[in-house]
Each structure stands twice: as structure tokens, then as C-alpha cells.
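Got a structure here, written out as C-alpha cells. Questions coming.
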Amino acid sequence: MSTQVDTLLHARWVLPVDTARSVLEHHSVAIHQGKIVAILPTAQTESTYTGQTELHLANQLLMPGLINSHGHAAMSLFRGLADDLPLMTWLQEHIWPAEAQWVSPDFVRDGTKLAIAEMLLSGTTCFSDMYFFPDICAQVASELKIRAQVCCPILDFPTPWAANAEEGIHKAIEVNSTFRHNPLIQIAFGPHAPYTVSDEPLKKIAVYQEELQIPVQMHVHETAFEVAEAEKNTGLRPIARLEQLGLLGPQFQAVHVTQVNAEDLALLSQYQASVIHCPESNLKLASGFCPVDQLQQAGINVALGTDGAASNNDLDLFGELQTAAHLAKAVSGNAAAVPAYEAIAMATINGAKALGIETITGSLEVGKAADIIALNFNTLETLPVYQPVSQVAYTRMADKVSHVWVQGEHLVREGQLTQIDTEQLKLKAQQWGEKIRAGKTDD
């Protein structure tokens, strides 16, 4: 007698992203009550499981949903606003003034919906966000049923969300209290960068982080200029300063890290911090190259993020993992650096480890959440198939996403969003674009 499950998926290949780096052929995945209950050869399913919903995905591959470990979702409404500029010019002369003029709860709500739609359609099932009005971002993510880490931004100077770092910390604690029992939402502290947050707020964050056991994500060592200015002003490299302030640890997520010396490497390794690599944003802003192979050789967990659409300019994590794999080879001078499966791991299980949710998601394993995507390999640019991992890592993949499930919820079916009105969303984005282009703040 077979066991009834909610969903039964039969695929040509299953890429579990497990420690054995397996590729399973002609396998099926059984889903019940939002979790994976079995992964087994398709030939065995007829006698063991019956699905209330059953999909036969011939010439398709199932794998864990992608984890975009760093971004600024609402900034999708600033996509293309300022290009071809170095980081500080981009920030100080374009982005910060635009944020001061336009960012509001409505801006964040609409921009976050736009970003989530783009991410789901391109295979992302979990994202980490650092932006103003994080409570709105968390609410939207929860409503749209996508998994998220929401980092509450903390800066010394006034922002649209908080008057100073003290208020930002207080609000972050309130947001954490609101969402701490939500199974899809994790709250984190998001001190912006070492050059925008002073010592006293960082010390307080370290204390609260230890008390609340929530992660800390921060832009760190993004450019050579940042590191040089820090050494001039404080006598310390930023990572060394953060270590002295008590911030480094397994729950610390260092974003960018393009500048690394032996001391930095030793500290990141010693404290088991994770690095979030955003290769396309770093390339576009000419910020530098994250030495991924060197970090991984030192045992440091490296995950991937797109950064915001204002500096990328898309949220395609498949494109990001391809860029990361190619760049690692060039930077290290080693064609074997970051091979295909490891690049895929950076976009899945490594992201889960960085966010501290690796027991929940990031790989296809019995007992984990059914955060799953299906990829159609029956296309001109993916045939023939010798090694499926090669297609995933080195060919165009975002437009091959046919299905997406988050915690068993079918959010993309046959390439179409099931719970988002795309026409209404496009209209909202166009309205914001017209408004920002005209420079009008009135309704």
C-alpha cells in the first residue's frame, strides 16, 4: 500500500547539493506538509508513494532553490538610475540623495514586490535584504511566501527609517520581536559598513547579537579606499577593528571582502565568519576582486549575493554563480578553482550556512523544507547534456526555471508566478519610474 503525499515530482535528474556532490538520475522527490519526505528512484515510487499532485518533469532537473545572500530588494526601483561610476561617487552623489527624496514605506513595499517577482522567476527561494523599512520587506516576503533574512539597517546618520544608530538598533529589536515566530522570516542586524557606524553602536550590536542570537550582516572591505581610510583614521583594518569590538563570530556575514591580507584571512577563519561574494556588483563599481579560492582554501564559507539592482543591474543568481566561477579562475590563475558543483554550492547550501539556516534549506534532503526549483534542459542552448552540473553553472539558466516551490508552496508554475499579479506589478514599477524621472515627490 502506497503512502499519500501532497506532491510527487519525477525528474530526469536531481541535484541534491549534498556533501557527496551527487547527481541522481531518474529520481523522484516526495513532498508532504512543506517538507521533503523522500528522494528515491522513480521506478520505486509507484509502489511506495501516491501524490495528490504529481508532475512528470522529463528532461528537467530538480535542485535546491537558490539563496541570494545579500541584496537591497527595494532598490529595484532605482535600476539604471546611475551607472558607470565608482562606489563612493555612486553612493554620495546619486543613491543617497535619491533615497532621501524617494524612500518611503510605499517605495519599499512596491520595490520589494518587484524584486521578489524577479528572484522567484529566476530560481531564488530565499533572499537576504538590507534596506530601510525592514518591517515592510519582512511583511511583503511573508505575504508572498518566500523565505528571507531581513537585515535592519543601522547607520550613524539620519536615514528614512531611523534618526541615528541608537534608534536603528532599537527598531531592529522591535522588528525581531514581531517576526521571531514566522517560519519564513529571520531578522538580522545590518550595520551598514565600518565607515558609517562608529564604535559605540557596534559594541551595542555585539551585546544584543549575543543576547538575541540573531545574525549580523555588514559591508566589509568593499574597496581598497575603504581599508586605507580605516587604517589612516583608526590604525586598524576594518576586520581587525570589528574583532576588537566583539562582532566577529559564526553569525557574522561579511559582504564583498575584495581586500584580504593574511591577518584578515586568519581572523575570518578563526571566528568562522562567512563571506558574501557579490561579483557582478563589485565588477560594475570597480570595487575589486574577492579572492574566493584563497578564502575557501582557508576553510571560510563563501556564499553569493547579487547586491541591489541599482548596482548590478539584475537579481539573477544563476548569472552571479557563473560570473563567480569564471572570476575565481582568473583571479587565482587556476582553471580548477571553484569548479561547477562548488559554484552551485555557493548559491545554495553555502548561503544557507551563512544565514544559519542550513538545517532548514539549501540542499535537497529528507526532513528539510521543500524549497525546490525545476530547470528545463530541453532547449537548444542546453543540449546535449554530458554533465548536468556543467549546464547549471556555465550556461544561461535563469530563463530555464519552470517551477519553484518554497516550503512546498508552488510559487512558479510553468514559468508563471502563481501568487503575484505581474501586470499590476509592471504598472507600479512604470509609475515609480515616471515619478522619479520627473523628480516629483507629490502623488
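Looking only at region 42-80, count how many residues are farther than 15 Å from Tyr131 by Cβ and either β-branched (Val, Ile, Thr) or within 22 Å of the chain's Cα centre (by Cα) (or both).
Looking only at that region, the number is 13.
Identify, by number, the condition in (1) at pLDDT 95 or above; (2) outside any strand (DSSP E or B) that Ala11 doesn't meet.
Exception for Ala11: condition (2).
When residues of region 330-349 are filtered for being part of a helix (DSSP H, G or I) and closer than 19 Å to Gly319 by Cα, how many remain?
10
Could you tell me which residue of region 276-313 is nearest to Glu222 (Cα to Cα), considering only residues that are among the β-branched types (Val, Ile, Thr) and touching a residue at least 60 places away in the same chain (Cβ under 8 Å)?
So, considering only residues that are among the β-branched types (Val, Ile, Thr) and touching a residue at least 60 places away in the same chain (Cβ under 8 Å), the one nearest to Glu222 (Cα to Cα) is Ile276.
Now for a separate question. Test Ala43 against the criterion of being over 25 Å from Val412 (Cα atoms) and either of a type in the set (Lys, Arg) or not assigned by TED's automatic domain parsing to the domain that holds Phe133 (or both), and give yes or no.
yes
Can you confirm whether Pro279 is closer than 18 Å to His72 by Cβ and modelled with pLDDT of 95 or more?
It is true that Pro279 is closer than 18 Å to His72 by Cβ and modelled with pLDDT of 95 or more.
Something else about it: Within region 1-36, can you find the residues that are out of contact with any helix residue (DSSP H, G or I) (no Cβ under 7 Å at 6 or more places or on another chain), among the aliphatic types (A, V, I, L, M) and crowded, with 19+ Cβ neighbours inside 10 Å?
Val5, Leu9, Ala11, Val14, Leu24, Val29, Ala30, Ile31, Ile36
A further question on this structure: Pull up region 146-182, narrow it to residues that are of a type in the set (D, E, K, R) and touching a residue at least 40 places away in the same chain (Cβ under 8 Å), then point me to the one that is surrounded by the most Cβ atoms within 10 Å (Cβ to Cβ).
Among residues in region 146-182 that are of a type in the set (D, E, K, R) and touching a residue at least 40 places away in the same chain (Cβ under 8 Å), the one surrounded by the most Cβ atoms within 10 Å (Cβ to Cβ) is Arg147.
Can you name the number of the only condition in (1) of a type in the set (Ser, Thr, Tyr); (2) under 24 Å from Ala117 (Cα atoms); (3) modelled with pLDDT under 95 that Thr159 fails?
Checking Thr159 against (1) of a type in the set (Ser, Thr, Tyr); (2) under 24 Å from Ala117 (Cα atoms); (3) modelled with pLDDT under 95, the one that fails is (2).
The values are calculated or read from the model by the stated rules, or taken from the named source; none is laboratory data. Given the structure is predicted, the values throughout are model-derived calculations rather than measurements. So basically every Cβ, Gly included, is an ideal-geometry build from the backbone, and we count neighbours across all protein chains shown.
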